[in-house]
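Comments concern the structure below.
The values are calculated or read from the model by the stated rules, or taken from the named source; none is laboratory data. As the structure is a computational prediction, the values presented were derived from the model and not from experiment. Glycine also receives a Cβ, built like all others from the backbone with ideal geometry; neighbour counts cover every protein chain displayed.
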Amino acid sequence: MSIEDKVIKIIAEKLDVDPVEIVPGASLIDDLGADSLDLVELVMTMEEEFDIEISDDDTKDLVTVKNAIDYIIGHL
Amino acid sequence: MPDQIKRTVVVTGGSRGIGRAICLVFANPDTRIFFNYSRSEEDARQTEEVVSQAGGYASGLQIDVSSLTDVARFFKTILDETGRVDILVNNAGIARDALIVRMSEADWDAVLNTNLKGTFNCTKLAAKAMLKQRYGRIINITSVVGVSGNPGQANYVASKAGIIGLTKSVARELATRNITVNAVAPGYIETEMTNKLSDKAKSEMVGLVPAGRAGKPSEVADVVEFLASEKASYITGQVIHVSGGMYI
């Protein structure tokens, strides 16, 4: 499974949304319905899945699905 | 240790007094209890012993709750062993009483660091595990004086009032994830902490209690047990006083 697919799978599971809605430009909060605690959980899951650490500062930049995918690819 | 551990309980300050009584109510073959202690290893071993005699399994580790590094190590040990934290009881507390004009900065810092920051540190680490589990019970031991105020205890009272604020905020944060956060406010309970009071102070304290007697650590522990149980699944963000009516 590609990084992109893995991230989409995590988002789909955590936010309980249909994977087809998880397009690169979708905003995690505005389009996919995440609240602040969902974002914290998303970050925690991605940290574990990809064995990386995402700082609180960086978390603020993870606005869209593409942001999240790019971040993971850039920090592996 | 039994094979079938279903529940992991963490109690801070579990070596003596109310903390030991709390460990004891969770003594059960399917429950793994971890507690920390700050100084007395002998007391910690005694808590392990009484829990074991009651059919449970508890381990005491020397951990400074005011240090986030220490607390992170504590939780890593726990998670490495059982992979869960179902119940956290933030009980560790110290007192360094003095009137405000006589209270040293060191006394203020020591009490706030152990009581309030210690509760923050443990709650932060436990919440992470509980979020993943989609289940958790956090019970913070505050004090009746955290609500009423008490002369000579500005540091202690501030820390206990702070714990109430922390309880209410975290309860709101975690409620959707099946994690409840409550506080228990003991009044005058017979422990080593209150044994240090003079006889005159003790009788004055009892005079403030409508029930006319000091409470027992087990009477506090029973309420903690209830809040940790399924029977309390719809209670969160509350402060339950266990004080013989000392504050009504």
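Are any of the residues in the range B:38-56 surrounded by 23 or more Cβ atoms within 10 Å (Cβ to Cβ) and touching a residue at least 40 places away in the same chain (Cβ under 8 Å)? Let's see the steps before the verdict.
First pass over the range B:38-56, keeping only residues surrounded by 23 or more Cβ atoms within 10 Å (Cβ to Cβ): B:44, B:47, B:51.
Okay, now just the ones that are also touching a residue at least 40 places away in the same chain (Cβ under 8 Å), so none.
The answer is no; no qualifying residue exists.
May I ask you to list the residues in the range A:47-57 that are surrounded by 14 or more Cβ atoms within 10 Å (Cβ to Cβ) and either among the acidic types (Asp, Glu) or touching an Asp or Glu at 6+ places or on another chain (Cβ under 7 Å) (or both)?
A:GLU49, A:ILE54
Evaluate the range B:137-145: report whether one residue or more is more than 18 Å from B:VAL242 (Cα to Cα), within 17 Å of the chain's Cα centre (by Cα) and not charged (D, E, K, R). Let's see the steps before the verdict.
Narrowing the range B:137-145 to residues more than 18 Å from B:VAL242 (Cα to Cα): B:137.
From the residues that got through so far, the ones that are within 17 Å of the chain's Cα centre (by Cα) too are B:137.
Narrowing further to those that are not charged (D, E, K, R): none.
No, every residue in the range B:137-145 fails to be more than 18 Å from B:VAL242 (Cα to Cα), within 17 Å of the chain's Cα centre (by Cα) and not charged (D, E, K, R).
Checking B:ARG73 against (1) more than 15 Å from the chain's Cα centre (by Cα); (2) under 20 Å from B:SER38 (Cβ atoms); (3) in contact (Cβ under 8 Å) with a residue 12 or more places away in the chain: exactly one of these is not met. Which one?
Failing condition for B:ARG73: (3).
Every residue, every condition in (1) on the phi < 0 side of the Ramachandran plot; (2) of a type in the set (Val, Ile, Thr), yes or no:
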position	(1), (2)
B:GLY13	no, no
B:ARG16	yes, no
B:PHE26	yes, no
B:SER38	yes, no
B:VAL51	yes, yes
B:GLY56	yes, no
B:LEU68	yes, no
B:SER104	yes, no
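Scan the range B:85-102 for residues that are crowded, with 16+ Cβ neighbours inside 10 Å and in contact with a helix residue (DSSP H, G or I) (Cβ under 6 Å, 6 or more places away or on another chain) and report the count.
In the first step, residues of the range B:85-102 are kept if they are crowded, with 16+ Cβ neighbours inside 10 Å; the result is B:85-97.
This time we only want the ones that are in contact with a helix residue (DSSP H, G or I) (Cβ under 6 Å, 6 or more places away or on another chain), so: B:85, B:87-96.
Within the range B:85-102, residues that are crowded, with 16+ Cβ neighbours inside 10 Å and in contact with a helix residue (DSSP H, G or I) (Cβ under 6 Å, 6 or more places away or on another chain) number 11.
Output the residues belonging to the range B:59-87 that are more than 23 Å from B:ASN182 (Cα to Cα) and in contact with a Phe, Trp or Tyr (Cβ under 9 Å, 6 or more places away or on another chain).
Scanning the range B:59-87 gives B:SER59, B:GLY60, B:LEU61, B:GLN62, B:ILE63, B:THR77, B:GLU81, B:THR82.
Can you run down the residue pairs with Cβ atoms below 7 Å, 6 or more apart or on separate chains, where the first is in the range B:226-248 and without any contact (Cβ under 8 Å) to a residue 12 or more places away in the chain and the partner is part of a helix (DSSP H, G or I)?
Within 7 Å, the pairs are B:PHE226/B:ALA232.
Check the range B:104-113 and report whether any residue there is buried (at least 21 other Cβ atoms within 10 Å of the Cβ) and either under 17 Å from B:ARG172 (Cα atoms) or within 19 Å of the chain's Cα centre (by Cα) (or both). Working first, answer last.
Step one: of the range B:104-113, the residues buried (at least 21 other Cβ atoms within 10 Å of the Cβ) are B:111.
Then keep just the ones that are either under 17 Å from B:ARG172 (Cα atoms) or within 19 Å of the chain's Cα centre (by Cα) (or both); that gives B:111.
So far as the range B:104-113 goes, yes, one or more of its residues are buried (at least 21 other Cβ atoms within 10 Å of the Cβ) and either under 17 Å from B:ARG172 (Cα atoms) or within 19 Å of the chain's Cα centre (by Cα) (or both).
Could you tell me which numbered condition B:ALA183 fails, if it satisfies all but one of (1) within 14 Å of chain A (Cβ to nearest Cβ); (2) touching a Lys or Arg at 6+ places or on another chain (Cβ under 9 Å); (3) of a type outside the set (Asp, Glu)?
Of the numbered conditions (1) within 14 Å of chain A (Cβ to nearest Cβ); (2) touching a Lys or Arg at 6+ places or on another chain (Cβ under 9 Å); (3) of a type outside the set (Asp, Glu), the odd one out for B:ALA183 is (1).
Of all residues being touching a residue at least 40 places away in the same chain (Cβ under 8 Å) and more than 14 Å from chain A (Cβ to nearest Cβ) in the range B:165-177, which is farthest from B:TRP108 (Cα to Cα)? Just the residue, please.
B:LYS168
How do the helices (runs of 4 or more DSSP H) wholly within the range B:171-248 filter down when requiring 2 or more residues that are surrounded by 15 or more Cβ atoms within 10 Å (Cβ to Cβ) and at pLDDT 95 or above: which remain? Show your work before the answer.
On the way: elements: B:192-195, B:199-207, B:217-228.
It comes to B:217-228.
Taking the range A:7-44, which residues are within 14 Å of another protein chain (Cβ to nearest Cβ) and surrounded by fewer than 13 Cβ atoms within 10 Å (Cβ to Cβ)? Even if it seems obvious, please write down each step before you answer.
Just the residues of the range A:7-44 that are within 14 Å of another protein chain (Cβ to nearest Cβ), to begin with: A:10, A:13-16, A:33-44.
Answer for the range A:7-44, where residues must be within 14 Å of another protein chain (Cβ to nearest Cβ) and surrounded by fewer than 13 Cβ atoms within 10 Å (Cβ to Cβ): A:GLU13, A:ASP16, A:ASP35, A:SER36.
I'd like to check which helices (runs of 4 or more DSSP H) are fully inside the range B:56-164 and have at least 3 residues that are among the charged types (D, E, K, R) and within 14 Å of chain A (Cβ to nearest Cβ).
Output list reads B:118-133.
Which members of the range B:153-170 meet the condition of being surrounded by fewer than 14 Cβ atoms within 10 Å (Cβ to Cβ) and either at positive phi or not polar (S, T, N, Q) (or both)? Don't jump to the end; show me each part of the working.
Narrowing the range B:153-170 to residues surrounded by fewer than 14 Cβ atoms within 10 Å (Cβ to Cβ): B:165, B:169.
Within the range B:153-170, B:GLY165 is the sole residue that qualifies.
Just to be sure I understand the filter: pairs with C-beta atoms under 8 Å, separated by 6 or more residues or on different chains, first member in the range A:55-76 and farther than 14 Å from A:ILE8 by Cα and without any contact (Cβ under 8 Å) to a residue 40 or more places away in the chain, second member of a type in the set (Ser, Thr, Tyr) and surrounded by 15 or more Cβ atoms within 10 Å (Cβ to Cβ). Which pairs pass?
A:ASP58/A:TYR71; A:ASP61/A:TYR71
Do any residues in the range A:1-20 that are more than 11 Å from A:THR45 (Cα to Cα) have Cβ atoms under 8 Å from those of residues that are of a type in the set (Gly, Ala, Ser) and in a helix (DSSP H, G or I), where the two are at least six apart or on different chains, and which pairs are they?
A:ASP18/A:ALA12; A:PRO19/A:ALA12
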